[in-house]
Amino acid sequence: MTPDEYCQEKTQQSSSSFYYSFLFLDKSQRQAMMALYAFCREVDDVVDECSDVSIAANKLNWWREEIHSLFHGKPNHPVTLALKTALAHFPLQEKYFLELISGMEMDLHTTQYHNFNELSLYCYRAAGVVGLLTIEILGYKNESAHEYAHDLGIALQLINILRDVKEDAERGRIYIPQDELQQFDVTQSMLLKGEGSKQIQALFEFQAQRAEQYYNKAFSSLESSDRFSQRTGIIMAELYLALLKKIKSQNFPVLVKRVSVSKLKKLWIAWSTARREYKLSQKIISHNSQQS
């Protein structure tokens, strides 16, 4: 199995929304995105699958050394070998890979966050930096794309947190800030019991609103001239927004079941979003030609 085949299998196994957003990329972009996503899965799996904190910490440190080897020496793992190919085509920065590892490391030592300011650092490291790496692969003309990538990454992570709140609570992790739990009079035991209440409903609505605010903030930073090149990220955003809408339409059943979007629905969203962005790009081209 080649490094690229390993990364592709890692991506497909996850049944992730990422895979559907990759369908409209060219060969080198798809290769790079598969490698990036496989790296995300590898370091995330270290935390989720290793019950011994010291062993997990050692594994994450090994990944730090492997990233150093990727940028300054000779990598060994299939994922970093695939990332080496990606580095030949795209200006990916070492610091963002290290930030992502630090984000996963936070899960080893932090089970609760006092406020959103603390949580936002985790969201940045766990997802914001992935957005910042992604825009380098997709390409952009305007520096505001960095703000878009940062805020969209946080929005997607907040949707993940809402979707996985029961599963995370069972693992002893509460990502919803403590001051907000207190504000809505919700306890950890209430989340674990999965009992619906007006307090929990209000708490989850508050979390959803914040995710939507970051989503809207992200797209307010994305220039129209960058939309088509960033269409893969836009597809990802639409897939996650569909998930959030489904959670909301079902009155936040996340404590009793894992809400998901079907594969067929994901494919439809990916295709229709790509088609929409293509039409918009053609309008921009037509408008610019008329102006000139």
Can you find a residue that is touching a Phe, Trp or Tyr at 6+ places or on another chain (Cβ under 8 Å), assigned to a loop (DSSP other than H, G, I, E, B), of a type outside the set (S, T, N, Q) and more than 26 Å from PRO177 (Cα to Cα) anywhere in the range 250-258?
no
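Each row is one residue, and each column tells you yes or no for (1) charged (D, E, K, R); (2) within 21 Å of the chain's Cα centre (by Cα); (3) in a helix (DSSP H, G or I); (4) at positive phi.
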residue	(1), (2), (3), (4)
GLU42	yes, yes, yes, no
ASP45	yes, yes, yes, no
SER51	no, no, no, no
ASN58	no, no, yes, no
ASN61	no, no, yes, no
LYS74	yes, no, no, no
Taking the range 91-120, which residues are under 21 Å from TYR215 (Cα atoms), buried (at least 17 other Cβ atoms within 10 Å of the Cβ) and hydrophobic (A, V, I, L, M, F, W, C)?
LEU100, LEU119
Give the residue, chosen from GLY103, GLY128, that is touching a helix residue (DSSP H, G or I) at 6+ places or on another chain (Cβ under 9 Å) and either outside the structural domain of PHE22 (by TED's automatic domain parsing) or among the basic types (Lys, Arg) (or both).
GLY128
Pair list, Cβ under 8 Å, 6 or more apart: the range 253-274 residue more than 22 Å from LEU138 (Cβ to Cβ) and modelled with pLDDT of 90 or more, other residue outside any helix (DSSP H, G or I) and among the aliphatic types (A, V, I, L, M)
PRO253/VAL259
LEU138 meets each of (1) within 26 Å of ASP107 (Cβ to Cβ); (2) in contact (Cβ under 8 Å) with a residue 60 or more places away in the chain with one exception, condition (1)
Quick check on my filter: what residues within the range 86-99 are of a type outside the set (D, E, K, R) and more than 16 Å from GLU136 (Cα to Cα)?
LEU98
Does GLU118 satisfy the criteria of being assigned to a helix (DSSP H, G or I), modelled with pLDDT of 95 or more, at negative phi and touching a helix residue (DSSP H, G or I) at 6+ places or on another chain (Cβ under 6 Å)?
no
Filter result for GLU223 (in the same structural domain as LEU119 (by TED's automatic domain parsing), over 19 Å from LYS166 (Cα atoms) and free of Cβ contacts under 8 Å to residues at least 40 places away in the same chain):
no
Scanning the range 121-150 residue by residue, those of a type in the set (Lys, Arg) and either at pLDDT below 95 or surrounded by fewer than 21 Cβ atoms within 10 Å (Cβ to Cβ) (or both) turn out to be LYS141
Say whether the condition of being more than 22 Å from the chain's Cα centre (by Cα), assigned to a helix (DSSP H, G or I) and of a type in the set (A, V, I, L, M) is met by at least one residue in the range 8-27.
no
Among residues belonging to the range 217-245 that are charged (D, E, K, R) and surrounded by fewer than 16 Cβ atoms within 10 Å (Cβ to Cβ), point out the one that is modelled with the highest pLDDT.
LYS245
Testing ILE234 on (1) touching a residue at least 24 places away in the same chain (Cβ under 8 Å); (2) of a type in the set (A, V, I, L, M); (3) under 26 Å from HIS109 (Cα atoms), one condition comes back false. Which one is that?
(3)
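The values are calculated or read from the model by the stated rules, or taken from the named source; none is laboratory data. Remember, predicted model here, so these are calculated numbers, not experimental data. We place every Cβ from the backbone using ideal geometry, glycine too, and count neighbours over all the protein chains shown.
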